[in-house]
Amino acid sequence: MPKISVVIPCYNHGRYIDEAVNSILNQTYQDFEIIIVDDGSTDPFTVQKLKTYLKPKTTVVHIKNQGPSAARNAGVKLAKGDYILTLDADDLFDVSFLEKAITVLEQQPQVGVVTCGIQHVGASKKKVLPQGGGVENFLAGNGVLGSAFFRKICWEEAGGYDESMKDDNMGYEDWNFWIDVTKRGWTVYVIPEYLFYYRIHKVSRRTKAHSNRPQVIKKIVSNHREIFAKYVEKVVFEKEQKIYSLNQAKNTILNSWSYRLGSFLLFPVRQIKKLFHR
């Protein structure tokens with residue numbers, strides 16, 4: 001029986017799947033299985049690739065398209081390991097991640113989830129270090145992406161991922177899941193190294209979710225009303241603090257010498273444009 005089950009949902013990302021799988025096969029810790037869940041892919045390349053996919057320690061299962069929550073749940077239900085790593089098909093982990101993550105869970109019984117620093121690849125190159133912590137740290141914003149390492153019992157206690165959060169414009173099912181896990185007393189540990197490579201697309205499910213963020217937040221609050229009520233002061237304070245910081249940054253830019261010089265130099269151009277648009 002493998003100790004770790006790596007669940008990789010895949011929807012039309014066949015061109016990236018080898019990179020994701022190889023990042024696991026090359027891990028320094030090798031007691032794992034890989035379960036690829038084909039979430040009803042329609043792209044011919046992905047369909048054909050997963051139909052004949054052969055890799056060591058790897059199984060492919062096919063389900064009708066129901067979204068990431070259902071795909072992850074389907075994979076975890078089949079998992080033989082006590083620990084689960086979820087990994088989206090277009091992302092990858094550093095080869096040392098499993099070894100470092102399982103060490104944390106085996107040495108710290110209060111930790112239910114392990115994540116790490118995030119290195120963007122693709123349309124963005126920035127680095128992000130999640131906050132981690134308990135449930136109070138996950139109410140004003142999400143500190144963990146959907147790809148993370150956790151105890152299978154955490155998934156069982158939470159009742160899995162919320163499969164109603166499946167529409168393209170819903171998203172954030174991972175944030176909802178981490179609240180479900182941490183409100184039961186588990187904490188999230190952040191390895192302070194950039195071991196996860198997150199592919200940024202110009203248009204993705206997450207960018208669509210951002211455009212519908214108020215409805216997403218409403219759904220998450222509705223799912224965890226009692227927790228948000230308990231920490232309402234903290235949530236409101238953190239939101240206001242973020243708004244204040246953004247406004248301060250905006251004012252700093254507007255009052256900067258370079259911004260005022262740019263506005264001065266572009267003023268004639270704007271006036272000419274106005275003349276041609278009358």
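The values are calculated or read from the model by the stated rules, or taken from the named source; none is laboratory data. This one's a predicted model, so the numbers in the text were calculated from it and none came from an experiment. Cβ coordinates were reconstructed from backbone atoms using ideal geometry, including for glycine residues, and neighbour counts include every protein chain displayed. In case anyone asks, the SASA skips ligands and DNA or RNA and just uses the protein heavy atoms, side chains included. Shrake-Rupley method; radii C 1.70, N 1.55, O 1.52, S 1.80 Å.
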Conditions (1) surrounded by fewer than 21 Cβ atoms within 10 Å (Cβ to Cβ); (2) outside any helix (DSSP H, G or I); (3) of a type outside the set (Ser, Thr, Tyr); (4) in contact with a strand residue (DSSP E or B) (Cβ under 8 Å, 6 or more places away or on another chain): number failed by VAL104: (2)
Starting from segment 217-233, take each residue that is over 15 Å from ASN137 (Cβ atoms) and β-branched (Val, Ile, Thr) and list its partners that are modelled with pLDDT under 90 and open to solvent by less than 50 Å² (accessible area, probe 1.4 Å), counting only C-beta distances under 8 angstrom and pairs at least six apart or across chains. VAL221/PHE228
Does segment 79-88 include one or more residues that are farther than 25 Å from GLY117 by Cα and over 18 Å from the mean Cα position of the chain (by Cα)? yes
Note: among LEU92, LEU78, just one is closer than 22 Å to ASP18 by Cα and touching a helix residue (DSSP H, G or I) at 6+ places or on another chain (Cβ under 6 Å), namely LEU92
Can you confirm whether segment 71-81 contains a residue that is among the β-branched types (Val, Ile, Thr), assigned to a helix (DSSP H, G or I) and within 23 Å of VAL188 (Cα to Cα)? yes
Residue list for segment 121-170, filter: in a loop (DSSP other than H, G, I, E, B) and within 16 Å of VAL7 (Cβ to Cβ): VAL144, LEU145, GLY146, SER147, ALA148, GLY160, TYR161, GLU163
List, please: which pairs have Cβ atoms under 9 Å, are six or more places apart or on different chains, and start with a residue in segment 16-35 that is free of Cβ contacts under 8 Å to residues at least 40 places away in the same chain and end with one that is in a helix (DSSP H, G or I) and surrounded by 15 or more Cβ atoms within 10 Å (Cβ to Cβ)? ASP18/LYS49; GLN30/LEU98; ASP31/LEU98; ASP31/ILE102; ILE34/VAL21; ILE34/ILE24; ILE34/LEU25
Selection within segment 107-129 - open to solvent by less than 10 Å² (accessible area, probe 1.4 Å) and either over 20 Å from ARG184 (Cα atoms) or at pLDDT below 95 (or both): CYS116, GLY117
Taking segment 15-31 as the region of interest, how many residues are surrounded by 21 or more Cβ atoms within 10 Å (Cβ to Cβ) and closer than 17 Å to VAL61 by Cα? 3
Among the residues of segment 49-60, is there at least one that is open to solvent by less than 10 Å² (accessible area, probe 1.4 Å) and touching a His at 6+ places or on another chain (Cβ under 9 Å)? yes
